[in-house]
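Shown next, in structure tokens, is the structure this report addresses.
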Amino acid sequence: MQETIPISLPRYRLALTPTPVEPLPNLSSTFGVDLSVKRDDLTGLAFGGNKIRQLEYYFGEAKTQGATLVLITGAVQSNYVRATAAVAARAGMRFHAQLEERVQGMETESYRKSGNILLNLLYDAKISHYPDGDDEAGADAALRDIAADYRRQGETPYIIPLTPDSPSLGSVGYLHAAEELLSQCPSADHFVLASGSGQTQAGLLFGLRMLGSDARVTGICVRRAANEQRKRVASHCRGLAEILRVESPVSSADIVVDDIALGSYGRAEAHVLNAIELAARSDGLILDPVYTGKAFAGLLALLGDGTVARGDNVVFIHTGGTPALFAYGPEILKHLQHEHQ
């Protein structure tokens, strides 16, 4: 399709786009809305997901810099880590993942060995561990130390940064998604998605506003309270404006985040498992407990409190994360057995 937002940045093309938009007829009928899903879980490589769009610009820059090795830090079952491992393999680069203990008490064999962990090993990722998942500054410093060690060994390392004050290069990929969505869903009233790092929400919102759309973009918080998450999204919108050398089209009022379904990060809580079960049994849609399941639980809450009104046209952005579903197998099975006793 024709791209209308001018972007002059190095890009390593990966994603199979445009990803489809599918109707969800049974859920639409249940809630009295026109509900569809943007299938960004189908971006292609490594079970797809939103990270594939983001990594096109990080790896574009990495290849321009002559990088031989890419590093990233993330949770044990991080989708970003798994996607980066796959892209590094495609790009012919070595890969190092630092896994942070962001979810306490998850010691099941499936969480430690299945899902994204299994895929990381399949992609030959070098893995180290950082004990404190809440210490962002410490985790980033530790990753920089690891990169320095590789540099002394003759490698040219490239770090993919995830801190809120880091360059917002990953957000650029979602400018393209905004273009696709305006072509596919020109009458959408609401776009709803999981908001974690904030880069996907920032890129989508920035792109929609650049292209003249005033559709509401609601980020459902998956790790942080709304006030903190709003700051992250705002920071990435400012970063995008700097990268593109344009005035930001995003106002503070445009940045909508909701922690109505927040709970605890990475825990398969009942309200999320209920949302996952409903999506699967209504329209065959598979969601994960950490991101898309929580985002869908948030959407259900917005439907329940009238924020999304009957008759509205709603697009749920499926940002991927499918492999993590298998890491939570025991929790999901226990929930299903309890529901049907």
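The numbers here are math on the coordinates, done by the rules we state, and not lab data. Here the structure is a predicted model, which is why all the values come from computation and not from measurement. Here the Cβ positions follow ideal geometry from the backbone for every residue, glycine too, while neighbour counts run over all protein chains shown.
Quick notes on this one:
- Contact order normalised by residue count of the stretch 212-279, Cα under 8 Å, 6+ apart, percent: 46 percent
- Using the Cβ of Arg151 as centre and a radius below 11 Å, the other residues enclosed give a net charge of -1, where K and R count +1 and D and E count -1.
- Ranking Leu122, Val250, Val308 by Cα position along the charge dipole of the chain, where only Lys, Arg, Asp and Glu carry charges on their C-beta atoms, puts Leu122 farthest toward the positive end.
- Result for the chain in a Gaussian network model with C-alpha springs under 10 Å: among Asp132, Asp305, Asp283, the largest mean-square fluctuation is at Asp305.
- Net dipole in debye of the stretch 157-250 [+1 Lys, Arg Cβ; -1 Asp, Glu Cβ; about Cα centre; nearest 20]: 320 debye
- Taking amide H atoms as placed 1.01 Å from N in the peptide plane, the amide H of Leu35 lies under 5 Å from those of Leu24, Ser28, Val314, each 5 or more residues away in sequence or on another chain.
- J(HN,Hα) series, the stretch 219-230, from Karplus relation 6.51 cos²θ - 1.76 cosθ + 1.60, nearest Hz, glycine and proline x: x, 8, 5, 10, 9, 10, 5, 4, 5, 6, 5, 4
- Reach of Lys38 by Cα under 18 Å, taken over lysines that are not fewer than 8 positions away in the same chain: Lys51, Lys294
- Amide proton proximity set for Glu100, modelled H, under 5 Å, gap of 5+: Gly74, Ala75, Val76, Tyr130
- Listed by chain and number, the aspartates and glutamates placed with their C-alpha closer than 18 angstrom to that of Lys113 are Glu100, Glu101, Asp124, Asp288, Glu331; residues fewer than eight positions away on the same chain are left out.
- Counted charge near Gly74, where neighbours are those whose Cβ lies closer than 13 Å (Asp, Glu -1; Lys, Arg +1): 0
- Counting only DSSP beta bridges whose two residues both lie in the chain, roughly 10 percent are antiparallel.
- Comparing Glu22, Glu101, Glu277 in a Gaussian network model of the chain, where Cα atoms under 10 Å apart are tied by springs, the biggest mean-square fluctuation is seen for Glu22.
- Residue-by-residue Karplus 3J(HN,Hα) for the stretch 100-106, coefficients 6.51, -1.76, 1.60, Hz, glycine and proline x: 9, 7, 7, 10, 6, x, 8
- Whole-Hz couplings from phi, Karplus 6.51/-1.76/1.60, listed for the stretch 240-252; x for Gly and Pro: 4, 4, 5, 4, 7, 6, 9, 7, 5, x, 9, 8, 4
- The chain, dipole about Cα centre (Lys/Arg Cβ +1, Asp/Glu Cβ -1), debye to the nearest 20: 720 debye
- Taking the chain and dividing mean pair separation by its residue count, relative contact order in percent (alpha carbons under 8 Å, at least six apart): 21 percent
- Dipole size of the stretch 80-144 about its Cα centre, with +1 on Lys/Arg Cβ and -1 on Asp/Glu Cβ: approximately 500 debye, rounded to the nearest 20.
- Only helical runs count toward this figure. For the chain, summing -39,500 (n - 2.57) over DSSP H runs of n ≥ 4 and dividing by all residues gives -13500 deg cm²/dmol at 222 nm.
- Net charge, Asn116 excluded, C-beta distance under 12 Å - Lys, Arg +1, Asp, Glu -1: +3
- Across the stretch 158-231, the relative contact order, built from alpha-carbon pairs under 8 Å that are at least six residues apart, equals 35 percent.
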